[in-house]
Ligand SMILES: Nc1ncnc2c1ncn2[C@@H]1O[C@H](COP(=O)(O)OP(=O)(O)O)[C@@H](O)[C@H]1O
Ligand SMILES: N[C@@H](CC(=O)OP(=O)(O)O)C(=O)O
């Protein structure tokens, strides 16, 4: 069971989380609980690290002081007596270590990726201790597990690669005995450590990934991702408040959605679950009675061509123009080698006779990448672009679908179009400021008469939406 930042954001949310876990235990189920940092804490830790890195020591320590108060206040609301005193001491100890670290970064005037990971790791280290203690007080026999003892990764800081065999061995050694003793292990998501014990992180949104690694490594019967919406919806409910819950979706569809920007699930989550055929559920911790979304190996038959629409912002289009060389042997390889060298993933590619257009996440190394590409071609790049992606296994069965999609967004300037080889997504690139309108138009066009076997039409009323 993984509970995201909003499911542990304050004492009330942690209380709801405890009630959900109690419900599972009362049904005779055993659970390992993975928690994220309290909502927004990771962003604030990143801001503190960045401030320290540019020598703003006072700014960094001020952020840390606010976080210390928030964690202690929540602990005071959660725990009584001796339990509170003990955890308060632990939290103060952790924040003293964080402050020392921030002072160190400011003194050196340099923030490395490795140190950045160590700073952000405090979020999950603290939240997991608080949730474990809250479970303990509520008779759930919470047992805190430091995720860094089990989630073994390589040393690719900021996006470390988990070592699944080593993880499975550690889970068997350290977590299984706790379950066998009737306890509820609680660990932080998102963080891990190299085999030498250096702290790493799995990339933003990585707690879902931890949940899948733990579920996979322990051969769980199910992986539950508890969040703040009723499940995977037909689009982000912050863009369309009338988005509908999707009752069932395939692993492939969910993976495409996650990759193309649906924040509700981390893209890497699905893989360990698919490999072991473990069903994944996305559920709402504010509305635990709701059935959520079930992600399964096979997509159910659906009368609608699409299950959901995702959008991903902060992309850059790069146009590489080389009229004489494009079709020559080895040219594309030379272009892609440059992206490989900078470990820069490409989202979409399209070619014409004279140019290749590629899209990548906007990142600070783009000027270097383009300078290097400039040695073999003329290069232009343009940021503030976004990708809109429609996902559904039944796209291929619907004639004229592209016409319907593009007439729904005929007022928007479309820069690139792609239909993936898997034939379960159709995506196009537009200006960032057009995303909301394009998604609303498409949602209106494709979910006006939804298939009731797949979409929760009964609950058309707006669901809980984050501010
Ligand atoms: N297709 C979608 N279905 C559901 N939620 C979505 C979708 N696309 C984007 N979201 C957003 O994802 C959010 C949940 O992800 P996140 O904030 O990371 O939650 P958590 O803190 O629980 O991990 C929702 O509040 C919603 O706004
Ligand atoms: N706290 C990490 C990991 C995570 O998955 O968080 P959440 O479950 O709240 O999206 C982050 O913000 O990236």
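For the stretch 2-220, the relative contact order works out to 23 percent when only alpha carbon pairs closer than 8 Å and six or more residues apart are counted.
Counted over the stretch 192-235 with a bin width of 10 Å, the fraction of Cα pairs per bin, in whole percents, is 22, 41, 29, 7, 1.
For the stretch 2-220, the gyration tensor built on C-alpha atoms gives an oblate shape. Its axis ratio a/c (a ≥ b ≥ c) is at least 1.5, and a/b is not larger than b/c. Helix 331-341 and the longest principal axis of the Cα set of the chain meet at an angle near 20°.
Rounded if a/c is under 1.5, else prolate if a/b is larger than b/c, else oblate: which is the stretch 251-370, with a ≥ b ≥ c the root eigenvalues of its Cα gyration tensor? Please list the in-between numbers first.
Working: a/c = 2.64, a/b = 2.30, b/c = 1.15.
The shape class here is prolate.
Taking the longest Cα principal axis of the chain as reference, the axis of helix 207-217 is set at about 80 degrees.
When each of 387, 265, 271 is scored by the number of other beta-carbon atoms lying within 10 Å, the sequence from fewest to most is 271, 387, 265. Taking the square roots of five times each eigenvalue of the Cα gyration tensor of the stretch 308-459, the equivalent ellipsoid has semi-axes of 33, 16, 14 Å, listed largest first.
Based on C-alpha pairs under 8 angstrom that are at least 6 apart in sequence, the chain has a relative contact order of 14 percent.
If you fit an axis through the alpha-carbon atoms of helix 81-108 and take the longest principal axis of the Cα set of the chain, what angle between them do you get, 0 to 90°, nearest 10? Result, in degrees: 50.
Here the chain is described by how far its Cα atoms reach on the three principal axes: 73, 57, 39 Å, from widest to narrowest. Shape of the stretch 100-159 from the C-alpha gyration tensor: oblate (a/c of 1.5 or more and a/b not above b/c, with a ≥ b ≥ c the square roots of its eigenvalues).
Note down the Stokes-Einstein diffusion coefficient of the stretch 113-260 in µm²/s, whole number, using a Kirkwood radius over alpha carbon pairs, 20 °C, and 1.002 mPa s.
On the way: Rh = 16.6 Å.
Taking Rh from Cα pairs, D becomes 129 µm²/s.
Neighbour counting of Cβ atoms within 10 Å sorts the residues 294, 276, 333, fewest neighbours leading, into 333, 276, 294.
Where a number appears in this text, it was derived from the coordinates with a stated rule and is not lab data. Just so we're clear, the structure is a prediction, and the values are computed from it rather than from any experiment. So basically every Cβ, Gly included, is an ideal-geometry build from the backbone, and we count neighbours across all protein chains shown.
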